[in-house]
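For reference, the structure discussed in these notes is given below.
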Amino acid sequence: MARPLFVHEAHTFHVPAERVFDAWLNPAQAARFLFASRTGNVMHCEIDPRVGGCFTVTDRRPNPDGDESFFEAQHRGTYVEIERPRRLVFDFSVEPFSSSTTRVTIDITPAGPGCELMLTHDLGEAEDAIHYVERTRRGWSAMLRQLEKVLTTRLWGFGIRTPGTV
């Protein structure tokens, strides 16, 4: 029997833990970093932020065969644990790459004015999991760097208001 494979990725954020945690559950923010790739476009982001609730993020990517066609990847998850602002756990799958479900755990620890995030992705014991370790690590690393940008980049514009404000 194979041993489970884990991907660990850490990131230091210069914003409070609450802002980092909330971005994972806010569709408008999540669509800007969650599964967004350099060559793809997030087409749909739906989040039901409660234990037992689900999320779906659909992105359109170019086919790797070099022609000018695209395919859609559906990133799906079901929340197992939500403890704001320190822990988020979800079962996860990506179609069309795999129909198996894996588990992602995000632990956030306050550190001064910012926080530390540790992401652990349990890829399971499937024989082909070894082929996804490095790709998965690179993907999560890129997403966490993008989340840093989302949370620290100022939005400029005229007439932009937060819903519920005057």
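Would you please classify the overall shape of the stretch 73-157 from the alpha carbon gyration tensor, given that a ≥ b ≥ c denote the square roots of the eigenvalues, rounded means a/c under 1.5, and beyond that prolate means a/b larger than b/c while oblate covers the rest?
Prolate, since a/c reaches 1.5 and a/b exceeds b/c.
How much length, in nm to one decimal, is gained on full extension between residue 138 and residue 51, taken as 0.36 nm per residue of separation minus their Cα-Cα distance?
Extending this stretch completely gives an extra 28.6 nm.
By how many nm would the segment from residue 149 to residue 37 lengthen if fully extended, with 0.36 nm per residue of separation less the alpha-carbon distance?
38.9 nm
Around residue 3, under 14 Å between beta carbons, what's the net of Lys plus Arg minus Asp minus Glu among the other residues?
Net charge around residue 3: -3.
Once the piece of chain linking residue 60 and residue 125 is laid out straight, how much longer is it, given 0.36 nm per residue of separation minus the C-alpha distance between them?
Here the answer is 20.5 nm.
Can you check what the net charge comes to around residue 16, using other residues whose Cβ is under 15 Å from the Cβ of residue 16 (Lys, Arg +1; Asp, Glu -1)?
Counting the neighbours of residue 16, the net charge comes to -1.
A short reminder: the numbers here are calculations on the coordinates, not readings from a lab. This structure is a prediction, so every number in the text was calculated from the model and none was measured. Cβ atoms come from the backbone with ideal geometry, glycine included; neighbour counts cover every protein chain shown.
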